[in-house]
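Enquirer: My structure is below; once you've seen it, I'll send some questions.
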Amino acid sequence: MSAPTDTPNRILEVAREFFAQRGYAGTTVRDIAVAAEANLAAVGYHFGSKQGLYEEVLRSQVAPLGRRLAQVCRAKMPPLDRIEAIVHAVFEHIRMRPQMPAIIARELASGREINAAMAGTFREILPVLTGVIVEGQKDGSIRAGDPTLLTLSVMSQPIYFNLARPVIAAVAGLEVGDPETAERMAVHAAAVIRAGLAAPCAPGAGTAAPAAHAPAHRKAGAR
C-alpha cells in the first residue's frame with residue numbers, strides 16, 4: 001500500500017503505528033510530525049491536540065466495526081447464521097487493521113478511564129447484537145440465558161484471539177496475523193460459538209451451519 005499523500009491521512013497512518021508500538025504516553029506529537037513529514041503545528045491544526053488525534057485513531061479502528069456488525073445483524077438470515085457472520089466480521093475487520101489489537105490492548109492496560117470514542121461504539125452496538133440473541137431465543141434456535149452475557153461471550157472469543165496474538169504465537173505457534181491462520185481460527189470460533197448457543201433441540205444444534213447457509217458470513221456480504 002502506498003503512503004497517503006495528504007497531510008491528515010499521513011499523520012493518522014503514522015499515529016496508528018506509533019500508538020500501537022509505544023502507546024499514548026510513549027508517543028509525542030513531535031515523533032508523529034517528524035515521521036509523517038509534517039509541520040509540528042499540523043497535528044493541532046487538523047486534530048486539535050494529541051488527545052484529539054488519539055481519539056480519531058481509536059474511532060477509525062472501532063467505528064467501522066460497529067457499522068459492519070449493525071449491517072450483519074440486519075441481514076435476512078436465521079439468528080445463528082448471523083452470529084457466525086458476526087464472528088467472521090470481527091476477524092475480517094481486524095485483519096484489515098493490523099494495528100488495532102495492539103492499540104486496544106494498550107488502551108485497556110493504560111489504567112485510564114475507557115476512551116469515549118471506543119466506549120461509545122460498543123455501547124451502541126451491544127443492544128443490536130443482543131437483539132439477535134433475543135430473536136433466536138424467541139424462535140427456539142438459541143438456548144435460554146442472559147442475552148447480554150451470551151452476547152459478550154460471542155464477542156469475547158474473536159477479540160481474545162486477536163488481543164492475545166503474541167501469547168498465542170509463542171505458546172501455540174499460531175500467527176493470527178497470517179490470513180490463512182486467521183480464517184481457520186474464525187471458522188473454528190464461529191463453529192464453537194454456534195454450538196454453545198444452539199438450543200439443544202434446535203436443528204443443527206452443536207454443528208456448523210448447514211450447506212444452505214454456509215458460509216454464513218459470505219451471505220452477509222463480508223468482504
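The values are calculated or read from the model by the stated rules, or taken from the named source; none is laboratory data. The shown structure was predicted, so the numbers you read here are calculated from the model rather than taken from an experiment. Here Cβ is always computed from backbone atoms with ideal geometry, including for glycine, and neighbour counts include all displayed protein chains.
Enquirer: For the stretch 13-56, give me each residue that is in a loop (DSSP other than H, G, I, E, B) and hydrophobic (A, V, I, L, M, F, W, C). Can you show your working first?
Expert: Kept after step one, since they are in a loop (DSSP other than H, G, I, E, B), are these residues of the stretch 13-56: 23-28, 36-39, 48-49.
Once the filter is applied, which keeps residues that are in a loop (DSSP other than H, G, I, E, B) and hydrophobic (A, V, I, L, M, F, W, C), the stretch 13-56 yields A25, A36, A38.
Enquirer: Oh, and also: Could you check the stretch 102-151 and list, in sequence order, the residues that are polar (S, T, N, Q), out of contact with any Ser or Thr (no Cβ under 8 Å at 6 or more places or on another chain) and at pLDDT 95 or above? Before the answer, list the steps.
Expert: Of all residues in the stretch 102-151, those polar (S, T, N, Q) come to 110, 115, 121, 130, 137, 141, 148, 151.
Subset that is out of contact with any Ser or Thr (no Cβ under 8 Å at 6 or more places or on another chain): 110, 115, 121, 137, 141.
Selection gives Q137, S141.
Enquirer: Moving on to the next point. Which one of the conditions (1) assigned to a helix (DSSP H, G or I); (2) closer than 18 Å to T121 by Cβ does D81 fail to meet, given that it meets all the rest?
Expert: If we test D81 against (1) assigned to a helix (DSSP H, G or I); (2) closer than 18 Å to T121 by Cβ, just (2) comes out false.
Enquirer: A follow-up question, please. Taking only the stretch 88-108 into account, find how many residues are free of Cβ contacts under 8 Å to residues at least 24 places away in the same chain and more than 16 Å from V57 (Cβ to Cβ).
Expert: Looking only at that region, the number is 0.
Enquirer: Another question, then. With in contact (Cβ under 8 Å) with a residue 40 or more places away in the chain, surrounded by fewer than 22 Cβ atoms within 10 Å (Cβ to Cβ), touching a helix residue (DSSP H, G or I) at 6+ places or on another chain (Cβ under 8 Å) and of a type in the set (G, A, S) as the only criterion, which of A85, A63, A35 stands out?
Expert: Working: A85 fails: surrounded by fewer than 22 Cβ atoms within 10 Å (Cβ to Cβ); A35 fails: in contact (Cβ under 8 Å) with a residue 40 or more places away in the chain.
Result: A63 is the single residue among A85, A63, A35 that is in contact (Cβ under 8 Å) with a residue 40 or more places away in the chain, surrounded by fewer than 22 Cβ atoms within 10 Å (Cβ to Cβ), touching a helix residue (DSSP H, G or I) at 6+ places or on another chain (Cβ under 8 Å) and of a type in the set (G, A, S).
Enquirer: Going by the conditions given, is P64 under 30 Å from K138 (Cα atoms) and in a helix (DSSP H, G or I)?
Expert: Working: under 30 Å from K138 (Cα atoms): yes; in a helix (DSSP H, G or I): yes.
For P64, the condition - under 30 Å from K138 (Cα atoms) and in a helix (DSSP H, G or I) - is met.
Enquirer: If I ask for residues that are small (G, A, S) and within 21 Å of E183 (Cα to Cα), which ones from the stretch 48-103 would you list?
Expert: The initial filter retains those residues of the stretch 48-103 that are small (G, A, S), namely 48-49, 52, 60, 63, 66, 70, 75, 85, 89, 102.
Passing the criteria: G66, A85, A89, A102.
Enquirer: On the basis of being in contact with a Pro (Cβ under 8 Å, 6 or more places away or on another chain), surrounded by fewer than 22 Cβ atoms within 10 Å (Cβ to Cβ) and not small (G, A, S), does H46 make the cut?
Expert: Considered against the rule, which asks whether it is in contact with a Pro (Cβ under 8 Å, 6 or more places away or on another chain), surrounded by fewer than 22 Cβ atoms within 10 Å (Cβ to Cβ) and not small (G, A, S), H46 comes out as yes.
Enquirer: Go through the stretch 87-102 residue by residue and tally those that are in a helix (DSSP H, G or I) and either within 16 Å of R16 (Cα to Cα) or hydrophobic (A, V, I, L, M, F, W, C) (or both). Spell out the reasoning first.
Expert: Of the residues in the stretch 87-102, the ones in a helix (DSSP H, G or I) are 87-95, 100-102.
Filter once more, keeping what is either within 16 Å of R16 (Cα to Cα) or hydrophobic (A, V, I, L, M, F, W, C) (or both): 87, 89-91, 93-95, 100-102.
Here the count works out to 10.
Enquirer: Are any of the residues in the stretch 119-137 of a type in the set (G, A, S), touching a helix residue (DSSP H, G or I) at 6+ places or on another chain (Cβ under 8 Å), under 14 Å from R194 (Cα atoms) and in contact (Cβ under 8 Å) with a residue 60 or more places away in the chain?
Expert: Initial filter on the stretch 119-137 (of a type in the set (G, A, S)): 119-120, 131, 136.
So of that shortlist, the ones also touching a helix residue (DSSP H, G or I) at 6+ places or on another chain (Cβ under 8 Å) come out as 131, 136.
Adding the requirement that they be under 14 Å from R194 (Cα atoms) leaves 136.
From what's left, in contact (Cβ under 8 Å) with a residue 60 or more places away in the chain: 136.
Within the stretch 119-137, one or more residues are of a type in the set (G, A, S), touching a helix residue (DSSP H, G or I) at 6+ places or on another chain (Cβ under 8 Å), under 14 Å from R194 (Cα atoms) and in contact (Cβ under 8 Å) with a residue 60 or more places away in the chain.
Enquirer: Return only the number of the condition from (1) within 30 Å of G196 (Cβ to Cβ); (2) out of contact with any strand residue (DSSP E or B) (no Cβ under 8 Å at 6 or more places or on another chain) that Y45 does not satisfy.
Expert: Going through the list (1) within 30 Å of G196 (Cβ to Cβ); (2) out of contact with any strand residue (DSSP E or B) (no Cβ under 8 Å at 6 or more places or on another chain), Y45 breaks only (1).
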